[in-house]
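Derivation of every value follows stated rules applied to the coordinates shown; laboratory data play no part. Every value quoted in this text rests on a predicted model; they were computed, and no experiment measured them. Don't worry about glycine lacking a Cβ; one is built from the backbone with ideal geometry, like all the others, and counts go over all protein chains shown.
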Amino acid sequence: MSTPDIYQRPGFLLRRAHQISASIFERACADLAITPAQYGVLCIIQAQSGIDQSSLARALAFDKVTVLRVLKGLEERGFCQRTISSENRRQMSVSLTAAGQCLLQQASEPVQKAHDTLLSPFSPDERAQFMALLQILTKQLDGEARASFVPMLAQP
């Protein structure tokens, strides 16, 4: 395979798209000093306060080590707190602090700006098609991933 052929491979393009996505997000949220992983963790905790660390990891398709690293950083900054679960003393449950709630509110506009920037090369129809294709790809090949993904159920 010649070198330029690698640039047409889906794996290369997906990795490059992820790099671009992360860069756009981090630039938009630079004043808040949060990463896409931190934002994802905060969003899941907000949606399901008291979630245990294992369920949190599965809800974001993170391995347990990654979610623990992200949680420790957020906890050190005062955005979340971990406590021993009342349901299972071997698990830690996680909840947002007031500062974490405030950070999510402050992040709303820059996160939307990052989202809009990332999809800006596409027309509205192309955006819908792109998102639909990503959904198909991730759903159909989910079993190939190293980390399991168990999406959170919608809260009533």
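Only one residue of I84, I24, P124 has its Cα farthest out toward the positive end of the dipole of the chain, where Lys and Arg carry +1 and Asp and Glu -1 on Cβ, and that residue is I84.
3J(HN,Hα) along segment 131-148, derived from phi through the Karplus expression 6.51 cos²θ - 1.76 cosθ + 1.60 where θ = phi - 60°, amounts to 5, 5, 5, 4, 4, 4, 4, 5, 6, 5, 10, 4, x, 7, 6, 6, 9, 6 Hz, with x in place of Gly and Pro. Electrostatic bookkeeping for E76 treats Lys and Arg as +1 and Asp and Glu as -1; over the other residues with beta carbon under 12 Å from its beta carbon, the sum is +3. Across segment 24-33, coupling constants 3J(HN,Hα) worked out from phi with the 6.51/-1.76/1.60 Karplus curve, θ = phi - 60°, read 4, 4, 5, 5, 5, 9, 4, 5, 8, 6 Hz, and Gly and Pro carry x. Working note: Cα gyration tensor of segment 74-133, eigenvalues times five, square-rooted, sorted largest first, giving semi-axes of 36, 17, 7 Å.
Backbone phi angles across segment 55-60, fed through the Karplus curve with coefficients 6.51, -1.76 and 1.60 (θ = phi - 60°), yield HN-Hα couplings of 5, 4, 4, 5, 5, 10 Hz in residue order; Gly and Pro are listed as x.
The ranking of C29, C80 by Cβ neighbour count inside 10 Å, starting from the fewest, reads C29, C80. Expressed as an acute angle from 0 to 90° and rounded to the nearest 10, what is the orientation of the C-alpha long axis of helix 36-47 relative to the principal long axis of the chain? Here the helix axis deviates by roughly 50 degrees.
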